Amino acid sequence: MFEFLKRKKRQPVVYARPDHCISRKSIDPDALKVLYRLSSLGYTAYLVGGGVRDLLLGREPKDFDVGTSAKPCEVRRAFKNCFLIGRRFRLAHVRFGSNIIETATFRQNSQTVGEIIENAALGPLEDNTFGTPETDAYRRDFTVNGLFYDIKDFSVIDWVGGMDDLNKRIIRAIGDPDIRFQEDPVRMMRAVKFSSRLDFKIERKTLAAMKKHHACILNAAVPRVCEEVFRLFSYSKSAKAFRLMWETGMLGDLLPELAASIDSGKGKMIWKYLEVLDGYDAMMAKKGFEVSNALRAAVLMTALYKSSKDNTGRKVMQMMLQSLKIPKAVYFSSVLLMESTRRLSGMPTKGKGRFIHNRDFLDALDYNRIVFKAEGRCERTLDAWADLYEEKGTEK
C-alpha cells in the first residue's frame with residue numbers, strides 16, 4: 001500500500017553539512033541562481049531527484065532539477081527567462097541560454113489507494129495536485145531519488161530512507177511496489193536502468209513485484225517505453241540492463257522473438273555483442289561522441305539476426321518497429337548496418353568501394369567491428385575499408 005496515504009505525521013532525517021559530501025561547487029551555477037532567487041522570495045526551494053543522488057555518489061549529474069513551494073505562475077513571475085510547459089500539471093523551465101533548469105511545485109497524489117488500483121491499467125497517474133516536500137518525496141519512484149538538498153543550510157533532507165539505501169547500494173520502490181508498478185509500469189524499466197547504471201542491487205520485494213507485474217509494461221505508452229529502451233544503453237551498461245530486462249520478463253513482453261532466442265540458447269551471443277558495444281560506447285564517450293540509436297538497435301538484435309537463416313535485417317528490425325515504434329530513420333539505418341556485413345566481409349573492390357560514400361558508412365564500419373570483436377574474428381578486411389575511407393577523405 002501507499003504508506004504515505006495512511007501513516008501518521010513524521011519528521012524527516014536531516015543530514016547536516018558535515019554529514020554528507022555535497023558541495024555547492026559541484027552544483028550547476030544556474031540551478032543555484034534558481035534556488036537562491038526562490039529562497040530570497042520566501043519560498044521553499046530544494047535541489048531534488050537524481051541530481052542529489054548523483055552528487056552524493058560523487059558522480060556528475062546530467063540534470064539539476066528544483067522542487068519548490070512556489071506555484072508555476074509564481075516561478076514565472078520570479079524569472080523573466082521562465083516558460084511554463086504541460087497541461088494537466090504545469091512545469092516551469094527557467095532558461096539560461098541553452099541550459100534549462102526544470103522547476104516543479106511540490107506535488108502529491110490526489111487519488112486514493114483504491115482508485116490507483118482501479119485505474120492502474122489506464123497508465124501513469126497524471127492527476128496530481130500541489131503538495132508539500134513530504135508528499136512530494138513519497139510520490140517519487142525510488143528511495144534514492146527521494147532526497148532533497150536545502151540551499152539555506154546545505155543539509156540533505158530524507159523522508160524516505162534514501163540515504164540508507166544509497167549507502168547500501170539498493171534500489172527500493174517508495175511505497176508498495178505492487179501498486180507503484182501497476183500505477184506506472186515504466187517505473188520497472190527505470191529500476192532496471194538505475195540498477196545497471198549505478199551497479200546497485202534491486203531490493204527483494206521490489207524485484208519480486210517486477211517479476212510479478214512485468215506484463216503491465218504493455219499497458220504503458222509506447223513512446224515512453226521506446227525512450228526508456230534506448231536509455232538502457234546509457235553509461236555503457238546495456239549488457240547488464242538487458243539481462244535484467246530478460247530475467248524479469250519485460251524483454252519477452254516487448255521483444256518476444258528476441259527473448260525466445262535467448263531462452264533457447266540460440267541467441268545467447270547477445271550478451272557478448274552488448275558487452276563489446278558497452279566498451280565501444282565508453283570509448284566514444286571519452287572522446288565526446290555519442291553512439292547512434294541505430295547502431296545500438298542493430299547490435300541488440302544481431303543475435304536474433306544471426307541465429308535464424310530465415311531472418312533478414314529488415315525482418316528483424318520490423319520487430320522493434322512494430323512493438324516499440326522506433327523512429328523510421330533508426331529503423332532504416334539499423335537495417336543497413338545489419339546488412340552491411342555482406343558488403344564489408346571482403347576486401348573493397350572498385351564496385352563495392354562506393355559504399356564509403358554512404359552517410360551510414362562509419363556506423364556500418366563500427367557495427368561490423370563490434371560484431372567481429374564479439375565473435376573473435378580477424379578485422380583485416382575492416383581495416384582495409386577504413387584505410388580506403390581515409391584515403392578518399394584525404395583526396396577531397
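The values are calculated or read from the model by the stated rules, or taken from the named source; none is laboratory data. The shown structure was predicted, so the numbers you read here are calculated from the model rather than taken from an experiment. Here Cβ is always computed from backbone atoms with ideal geometry, including for glycine, and neighbour counts include all displayed protein chains.
The table below lists the values:
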read-out: Only one of Val48, Val75, Val34, Val94 that is crowded, with 20+ Cβ neighbours inside 10 Å and touching a Gly at 6+ places or on another chain (Cβ under 8 Å); value: Val48
read-out: Region 159-183, residues that are β-branched (Val, Ile, Thr) and either under 19 Å from the mean Cα position of the chain (by Cα) or over 18 Å from Glu134 (Cβ atoms) (or both); value: Ile170, Ile171, Ile174, Ile179
read-out: Unmet criterion (only one of (1) among the polar types (S, T, N, Q); (2) part of a loop (DSSP other than H, G, I, E, B); (3) without any contact (Cβ under 8 Å) to a residue 24 or more places away in the chain) for Gln322; value: (2)
read-out: Single condition Ser26 does not satisfy, out of (1) among the small types (Gly, Ala, Ser); (2) within 22 Å of Ala137 (Cα to Cα); (3) modelled with pLDDT of 95 or more; value: (2)
read-out: Criterion violated by Met347 - all others in (1) of a type outside the set (Lys, Arg); (2) in contact with a helix residue (DSSP H, G or I) (Cβ under 6 Å, 6 or more places away or on another chain); (3) without any contact (Cβ under 8 Å) to a residue 24 or more places away in the chain; (4) outside any helix (DSSP H, G or I) satisfied; value: (3)
read-out: Criterion: under 19 Å from the mean Cα position of the chain (by Cα), farther than 12 Å from Phe142 by Cβ and β-branched (Val, Ile, Thr) - qualifying residue of Val186, Val192; value: Val186
read-out: Among (1) surrounded by fewer than 18 Cβ atoms within 10 Å (Cβ to Cβ); (2) over 19 Å from Arg59 (Cα atoms) - the single one Phe154 does not satisfy; value: (2)
read-out: Near pairs, Cβ below 8 angstrom, 6+ apart or cross-chain, from region 278-291 (more than 17 Å from Tyr367 (Cβ to Cβ)) to any residue that is buried (at least 19 other Cβ atoms within 10 Å of the Cβ); value: Ala285/Ser236
read-out: Residue ID - modelled with the lowest pLDDT, chosen from residues in region 58-72 that are among the acidic types (Asp, Glu) and surrounded by 13 or more Cβ atoms within 10 Å (Cβ to Cβ); value: Asp63
read-out: Elements of type strands (runs of 3 or more DSSP E) in region 1-106, at least 3 residues being touching a Ser or Thr at 6+ places or on another chain (Cβ under 8 Å); value: 65-68, 91-96, 99-105
read-out: Tally of residues being within 20 Å of Phe230 (Cα to Cα) and in a helix (DSSP H, G or I) across region 182-204; value: 13
read-out: Near pairs, Cβ below 9 angstrom, 6+ apart or cross-chain, from region 142-160 (at pLDDT 95 or above) to any residue that is part of a strand (DSSP E or B) and among the charged types (D, E, K, R); value: Thr143/Asp158; Gly146/Asp158; Leu147/Asp158; Phe148/Asp158; Val156/Asp150; Ile157/Asp150
read-out: Given (1) closer than 17 Å to Met320 by Cα; (2) surrounded by 21 or more Cβ atoms within 10 Å (Cβ to Cβ); (3) touching a residue at least 12 places away in the same chain (Cβ under 8 Å), index of the condition His213 fails; value: (1)
read-out: Residue ID - modelled with the highest pLDDT, chosen from residues in region 350-360 that are part of a helix (DSSP H, G or I) and surrounded by fewer than 19 Cβ atoms within 10 Å (Cβ to Cβ); value: His357
read-out: Test result for Thr135, touching a strand residue (DSSP E or B) at 6+ places or on another chain (Cβ under 8 Å) and without any contact (Cβ under 8 Å) to a residue 24 or more places away in the chain; value: no
read-out: Arg17 being in contact with a Leu (Cβ under 8 Å, 6 or more places away or on another chain), over 19 Å from Arg140 (Cβ atoms) and surrounded by fewer than 17 Cβ atoms within 10 Å (Cβ to Cβ); value: no
